[in-house]
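The values are calculated or read from the model by the stated rules, or taken from the named source; none is laboratory data. These numbers were taken from a predicted model, which means no experiment stands behind them. Glycine also receives a Cβ, built like all others from the backbone with ideal geometry; neighbour counts cover every protein chain displayed. SASA here: full protein model, heavy atoms, side chains in, ligands and nucleic acids out. Shrake-Rupley method; radii C 1.70, N 1.55, O 1.52, S 1.80 Å.
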Amino acid sequence: MNIPESVAIIMDGNGRWARSKGMPRTYGHTVGAKNVENICRAADDIGIHYLTIYAFSTENWKRPENEVKTLMSLFLKYLKKCEKDCVENNMRIRLIGDREALSEELRDEIDYVEELSSKYTGLQFTIAINYGSRDEIIRASKKAFNKLISSGKTGDDLTEELFSSCLDTAGIPDPDLLIRTSGEERLSNFLLWQLAYSEFYFTKKPWPAFTKEDLLDAVSEYDRRNRRFGGV
Ligand code: FPP
């Protein structure tokens with residue numbers, strides 16, 4: 001089977017899944033956070049090398065305060081657990097998104113885990129927190145232009161390579177496959193530049209119920225696709 005090297009996931013449906021069980025939305029996020037660990041292990045077993053997940057968008061601050069608080073504390077808890085897990089699983093962790101708005105405690109933990117895991121060569125796991133693709137593109141544009149100006153060049157010298165190297169995802173291959181759970185079929189401001197040639201896979205399964213078998217179904221579907229990258 002042709003295994004995608006790089007997979008991105010929009011983990012949708014935590015709230016609806018919890019409500020369908022008569023539970024608060026935050027319960028869906030707690031179970032969803034646990035499932036992140038399962039799917040990381042599954043991705044590694046299957047042979048996926050880069051996994052990128054959408055955990056919190058630049059628009060998610062509009063959610064009720066207690067939900068935002070729960071999500072932030074789940075991120076912190078998850079990263080603290082990773083201090084041990086990334087060593088045991090040879091897993092590298094990176095964060096993408098604008099960190100400025102995150103608490104100092106969370107930013108310090110992100111720096112710590114990124115540094116700690118930077119040498120690991122197994123699953124290359126990336127979490128998008130306070131991430132919005134348009135925001136990333138604007139930040140990357142500023143960086144790229146500043147680089148050009150400081151080396152005496154102009155806007156005409158901008159290349160795709162230079163621009164890509166200024167994105168938060170620099171060094172991470174563009175996703176071969178994008179999965180979105182829970183039935184919605186849109187990108188919601190996720191990796192707009194990076195998904196230019198990715199295959200899309202949508203499933204009705206909500207994120208907390210998404211299993212290794214579901215991931216394998218997505219990979220089998222990917223295997224049946226004929227990618228042409230604009231050629232014939
Ligand atoms: C979308 O479901 C999910 C989110 C906005 C948050 C994703 C977060 C997690 C899975 C948990 C924490 C992650 C880590 C990395 C520890 P939704 O709430 O929009 O669901 P709905 O569409 O049913 O309302």
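Among the residues of the stretch 183-217, those that are in contact (Cβ under 8 Å) with a residue 60 or more places away in the chain and either in a helix (DSSP H, G or I) or of a type in the set (F, W, Y) (or both) comprise F190, W193, W207, P208, A209, F210, K212, L215, L216.
Candidates are the residues of the stretch 88-129 that are open to solvent by less than 40 Å² (accessible area, probe 1.4 Å), in contact (Cβ under 8 Å) with a residue 60 or more places away in the chain and of a type outside the set (S, T, N, Q); the one that is farthest from the ligand (Cβ to nearest atom) is G122. Considering the stretch 1-25, the residues that are surrounded by fewer than 18 Cβ atoms within 10 Å (Cβ to Cβ) and of a type in the set (S, T, N, Q) include one that is nearest to the ligand (Cβ to nearest atom), namely S20.
Tell me, which residue of the stretch 52-85 that is of a type in the set (G, A, S) and in contact (Cβ under 8 Å) with a residue 12 or more places away in the chain is farthest from R134 (Cα to Cα)?
Taking the stretch 52-85 and keeping what is of a type in the set (G, A, S), we get 55, 57, 73.
Cutting the leftovers down to in contact (Cβ under 8 Å) with a residue 12 or more places away in the chain gives us 55, 57.
On the way: A55: 16, S57: 11 Å.
Among them, the one singled out is A55.
G155 meets all of the listed conditions (1) open to solvent by 50 Å² or more (accessible area, probe 1.4 Å); (2) of a type outside the set (K, R); (3) away from the ligand (no atom under 16 Å from the Cβ) but one, namely (1).
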